[in-house]
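This report concerns only the one structure given below.
The values are calculated or read from the model by the stated rules, or taken from the named source; none is laboratory data. Just so we're clear, the structure is a prediction, and the values are computed from it rather than from any experiment. In this analysis, Cβ positions are derived from the backbone assuming ideal geometry, glycine residues included, and neighbour counts consider all displayed protein chains. Surface accessibility is based on the protein's heavy atoms, side chains included, excluding ligands, DNA and RNA. Shrake-Rupley method; radii C 1.70, N 1.55, O 1.52, S 1.80 Å.
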Amino acid sequence: AFVARALLRPAALGFGRAYGALERAYVPFLAGCLRRRGVVVLFALAALGVAGWRASTLSPDLLPDTWTGEFDVKVAFAPGTPLERTAARMREVEGVVRERPEVDWVAVTVGVEADADRAADEGEHTAHLTVHLKERHANPRTERAVRQAVEAALRDLPDVQPPEFLPSTLFRFAIPLRIVFFGGEGDLARLGRAAQETAAALRRLPGVEGVQAGFGRGAREVRLVFDRVELYRRGLSAEEVADRVRAKVQGRVPTALVEGSVRTDIRVRLQPSDRATLRDLEHLDVAPPGSPPVPLLSVLKGAPEVAEGPGEIRRVGGRHAAIVQAAYEGLDLAGAGVAAEELARPIAARHAVEVDVAGPSREASRSTRALLAALGLAVFLVYAVMAAQFESLWQPVLIMASLPLAAVGAVLLLDALAVPLSVVTLLGAILLVGIAVNNAIVLVDCINRRRGATASLREAILLAGRERLRPILMTTATTILGLLPLTGLLALLPGAASLPFGLGGGEAAELRAPMALTVIGGLVTSTLLTLVVVPVLYDLGARRTRT
């Protein structure tokens, strides 16, 4: 207690002297503002104009990007690449990443289990790489540098497809940009060409990365076209023949060998020398057991063909679709959507298919409309409560004038710190509606009570301003100081990394900071302008109602 008193007493004395000087200067300043009401109103309107101009320049976004110091990379090689070759190539990439001093650990998963829940394009040719950075290097700049190093290491490998980076967080979109091409049953080829052409154009845009296009690369396959007439003449069906071909080439597992806790499947199929070439396939016997042999070639319309099958066939809304996905750096959500739409629409028209730009841009517009409706409802409810309490219609309007004044500080602070206008900032604005009016309520209520005890309107305003200056500043200061740890600005202080509970920033600080910054910026300008603008507006309104 002695040490705390020794440290806090000088600070308290300093704050006391500063407040005394502020109080002595505030009342004459407020009196001068009351004499120059037009200048004060013009200044407030100019501030609102500047805030509106800067608000139009804020980049919109759905949620702020968060950086946890960990990310995943999905790597795919040419379909059909053996598991051993995929593992050997990923071992090279893992060695390159481990050599970087910022990396804490690396985990690699090659292939997927046969019975695992997997995507259609996953198999022995795919791998997942997880990179975790050291705690002191968990920042956006370092994570981007490591991602570029991973991409450069993969670029040197043969038959590798463009990697897909997946951030390890629930609050960030792995694929924020999505372009969907639609077509009919016979439009698969046109959809694929439109998707590939759009992907090539997106890769030339600065800031766009991780472009994934179309149906993906399919596996090489042998195509058989059956002669239905010949099958009917021999008493066979296409399903029976296909099943026998599959059983002889791919094999079946009729039983398993169990040795203790180890279970080994027993697969029965032709030996490799009897199924190595297309010629061997043509001479496969597809007749039922006990019947004369029937070579496969005798029931086909032509020789078997080797081709690349589609990697996937997607349907969106019951229609065939090809999807182009991409991430972006340095572009805002609206700018990325507009650039993608300008690229995709001419390509879609050239290939006679339809196009739609989806992704977080659409979700952002929906969320923004919902939150703006909630903001309007909050303003109405606050006005209704004050109108019932003050038993007046114009005084609540006067108090609500502090809300646009609060928007000035919120917008200017977000603009100065380059914080995007996201759902989180709109949540902060809704909170600000209920907080910013408190000071104006206290001030207007005090003016009303002082008017009953004095004959002069301006004297009542000056007395109320002097009386309520201290509680207004105290409530604002305590709210701002309470929100300061949420902003992440404490990370700029020396030794901030040792602060408990992530008060120096920590993981996902980017997600909670915009809300706190919105409230802090709004409270600063709302308090400063409320102490001047609201008394001036009260003076104007009271004189107008009196006349």
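Results, tabulated for the structure shown:
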| quantity | calculated |
| --- | --- |
| Relative packing of 224-230, 406-412, 146-152, 525-531, which averages over residues the other C-beta atoms within 10 Å, highest first | 406-412, 525-531, 146-152, 224-230 |
| For residue 236, distant residues with modelled amide H under 5 Å away | none |
| Nonlocal amide H pairs with residue 78, under 5 Å, H built at 1.01 Å | none |
| Nearest-10 value in Å² for the accessible area of residue 53, using the 1.4 Å probe | 150 |
| Rg/Rh (Cα only; Kirkwood hydrodynamic radius) as it applies to the stretch 386-446 | 1.08 |
| Ranked packing of 194-200, 471-477, most packed first, by mean Cβ within 10 Å | 194-200, 471-477 |
| Packing rank of 38-50, 439-451, 458-470, where each peptide gets the mean count of other beta carbons within 10 Å, highest leading | 439-451, 458-470, 38-50 |
